[in-house]
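A short reminder: the numbers here are calculations on the coordinates, not readings from a lab. The structure presented is a predicted model; accordingly, all values stated were derived computationally and were not measured. Because the Cβ atoms are built from the backbone with ideal geometry, glycine has one as well, and the counts that use them run over all protein chains shown.
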Amino acid sequence: EDGIRDIGVTGVQTCALPICVSVLNGMVLASALRERLARGTSRDVAIEETASASLRTIVMTALVASLGFIPMAVSEGTGAEVQRPLATVVIGGVITSTLFTLFVLPALYRLVLGVSPAVLARSSVEWD
């Protein structure tokens, strides 16, 4: 209970940065996919082209975010006992979210785009 109240600015940054990078990368992928689908490209081809074309943008975004935290991760000076773990978490979170964006998100797009709206409407769950 006390740990939740004492999270502070650094803790919020540690949580926010990987989430923001992940959302940004997902938006890059989604907008590129929408453009290809609007041009009439088939679903599977559009997903493959989008994933390969967006690879450089997604990797560069993650690389910039991760490289910025390397000095913090290897610091030895005052406050390093706090900075090092936070930087490690951010770097790990950015790498994990990048892998998720590159491999899991296209697979999810394939699943979601393969379901017709009529099937979604019939299978919707009604909450009592």
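From the phi of every residue in the range 48-53, what ³J(HN,Hα) in whole Hz does the Karplus formula 6.51 cos²θ - 1.76 cosθ + 1.60 yield, where θ is phi - 60° and glycine or proline is x?
Once θ is set to phi - 60°, the couplings for the range 48-53 become 5, 5, 5, 4, 6, 6 Hz.
What's the ranking of 20-33, 65-78 by average number of surrounding C-beta atoms within 10 Å, highest first? Could you put the intermediate results ahead of the total?
Working: 20-33: 17.1, 65-78: 13.4.
Packing order, densest peptide first, comes out as 20-33, 65-78.
Roughly how far apart, in whole Å, are the Cα centres of the range 70-86 and the range 31-60?
Computed from Cα coordinates, the inter-centre distance equals 38 Å.
Kindly write out, for the range 17-32 in residue order, the coupling ³J(HN,Hα) from the Karplus curve 6.51 cos²θ - 1.76 cosθ + 1.60 (θ = phi - 60°), rounded to whole Hz, with x marking Gly and Pro.
Values, residue by residue: 4, x, 5, 5, 5, 5, 5, 4, 5, x, 5, 4, 5, 5, 5, 5 Hz.
Applying a 10 Å radius around every beta-carbon, put 92-99, 105-112, 57-64 in order of their mean neighbour count, most first. Mind showing how you got there, number by number?
Details: 92-99: 17.9, 105-112: 13.8, 57-64: 15.6.
Top to bottom by mean Cβ count within 10 Å: 92-99, 57-64, 105-112.
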